[in-house]
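The values are calculated or read from the model by the stated rules, or taken from the named source; none is laboratory data. The shown structure was predicted, so the numbers you read here are calculated from the model rather than taken from an experiment. Positions of Cβ are generated from backbone atoms using ideal geometry, with glycine treated the same way; all protein chains shown enter the neighbour counts.
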Amino acid sequence: MTVHDRIVADPFSLQRRNPAGGTKPLTAWGFADETDVLTDVLLGSPNFLRHLSTSSLSRKHLREAPCNVQIAQAQHKDLVAAYEHFGVNIHWHEPTPELPMQVYSRDSSVMTPYGAIITAMSQWWRRGENYAAIRTYEKLGIPIYDMVTAGTFEGGDFNVIEDGVVLIGCGGARTQEEGARQVQAWFDKEGWETRIAFIDEYYVHIDLMVVPIAEKLTAVCLACTEPGIVDWLKGKGHEIIDVPFQDTVALGCNFMSLGKDRVIAPTSSQTLIGQLKARGFEVAAVDMSEISKTGGGIHC
């Protein structure tokens with residue numbers, strides 16, 4: 001489907017959501033869940049990347065061994081090459097020096113079957129990313145489902161576990177309960193099963209510790225994930241691959257499933273990579289050690 005065909009099929013809108021529910025899924029964009037086949041990805045450039053105090057992890061590295069930005073930029077090129085290897089179409093935010101953390105494109109917006117959600121960034125120096133995301137979606141012709149307004153909410157806390165089921169993270173610092181509840185209410189109206197996972201703000205977002213790999217297969221850090229969430233996943237028939245705590249805090253559970261048993265994962269996540277390869281997955285391992293010092297990983 002050409003870009004023109006996509007625009008005709010799903011015309012751009014700033015608010016596509018039906019307040020009464022029953023919003024029709026997009027035909028040219030969107031996805032069913034986190035393990036659907038990835039055909040297109042929206043990335044942010046690291047051209048103006050700076051190491052800021054965005055989380056406990058980034059503050060620790062600022063004190064002990066700040067990010068080498070040139071190495072981080074080279075690592076991001078390797079990530080781009082991995083997407084290209086798997087045939088994923090890459091779309092870009094327009095880089096600007098005022099948005100040094102835009103490289104983490106999932107924070108400012110996240111896709112749904114109905115269009116993009118424009119989030120509400122917590123940190124003042126990142127709020128401009130939300131406005132930039134609106135411009136990007138308009139340029140690409142991708143409809144916006146809605147924009148979070150009730151409180152802060154970031155895309156790493158929106159985790160579509162399976163078709164019609166979403167796990168919403170809430171750590172208080174980056175995603176406030178008010179924002180999480182607003183998004184939950186939208187998807188309740190759409191007839192989805194929704195669950196909020198309250199996490200310690202140290203972990204930033206739910207996708208640090210819970211990320212789907214394939215149908216009924218999910219990576220979870222059992223050491224830091226609420227047992228009720230684990231039981232909920234198992235109750236849905238999900239097999240759990242446990243990612244060790246030390247790997248998790250190094251963003252080893254923050255990887256990208258591309259569907260069809262293909263994954264992009266950080267080289268540091270040796271336990272997960274070993275388990276996936278043993279199951280026949282094709283894994284592109286990318287060194288993210290330097291860029292992750294700034295507080296995010298591949299899934300961000």
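Of all residues in the range 185-209, those satisfying the criterion of being out of contact with any helix residue (DSSP H, G or I) (no Cβ under 7 Å at 6 or more places or on another chain) and either among the aromatic types (Phe, Trp, Tyr) or under 13 Å from THR35 (Cβ atoms) (or both) are TRP186, PHE187, TRP192, PHE198, TYR203.
Would you be able to say whether some residue in the range 247-257 is at pLDDT 95 or above, farther than 21 Å from ARG174 by Cβ and not β-branched (Val, Ile, Thr)? So far as the range 247-257 goes, yes, one or more of its residues are at pLDDT 95 or above, farther than 21 Å from ARG174 by Cβ and not β-branched (Val, Ile, Thr). Among the conditions (1) in contact with a Cys (Cβ under 6 Å, 6 or more places away or on another chain); (2) on the phi > 0 side of the Ramachandran plot, PHE198 misses just one, which is (2). Checking ALA82, ALA32, ALA72 one by one, the residue that is part of a helix (DSSP H, G or I), within 30 Å of ASP163 (Cβ to Cβ) and at pLDDT 95 or above is ALA82 and no other.
Can you go through SER292, SER269 and tell me which one is surrounded by 21 or more Cβ atoms within 10 Å (Cβ to Cβ), touching a Cys at 6+ places or on another chain (Cβ under 9 Å) and either farther than 23 Å from SER45 by Cα or acidic (Asp, Glu) (or both)?
Details: SER292 fails: either farther than 23 Å from SER45 by Cα or acidic (Asp, Glu) (or both).
So the residue among SER292, SER269 that is surrounded by 21 or more Cβ atoms within 10 Å (Cβ to Cβ), touching a Cys at 6+ places or on another chain (Cβ under 9 Å) and either farther than 23 Å from SER45 by Cα or acidic (Asp, Glu) (or both) is SER269.
Every condition in (1) outside any strand (DSSP E or B); (2) touching an Asp or Glu at 6+ places or on another chain (Cβ under 8 Å) is met by GLY252 except one, and the failing one is (2). The lone criterion from (1) of a type in the set (D, E, K, R); (2) over 29 Å from LYS277 (Cα atoms); (3) surrounded by 14 or more Cβ atoms within 10 Å (Cβ to Cβ) left unmet by ASP242 is number (2).
For the range 36-56, name all the residues that are over 14 Å from MET111 (Cβ atoms), touching a residue at least 40 places away in the same chain (Cβ under 8 Å), part of a loop (DSSP other than H, G, I, E, B) and among the polar types (S, T, N, Q).
Restricting attention to the range 36-56, the residues satisfying the condition of being over 14 Å from MET111 (Cβ atoms) are 44-56.
Adding the requirement that they be touching a residue at least 40 places away in the same chain (Cβ under 8 Å) leaves 44-52, 54-56.
Those left that are additionally part of a loop (DSSP other than H, G, I, E, B): 44-52, 54-55.
The answer is SER45, ASN47, THR54, SER55.
Checking the stated criteria, VAL230 turns out not to satisfy the condition of being among the β-branched types (Val, Ile, Thr), closer than 20 Å to SER105 by Cβ, outside any loop (DSSP other than H, G, I, E, B) and at pLDDT 95 or above.
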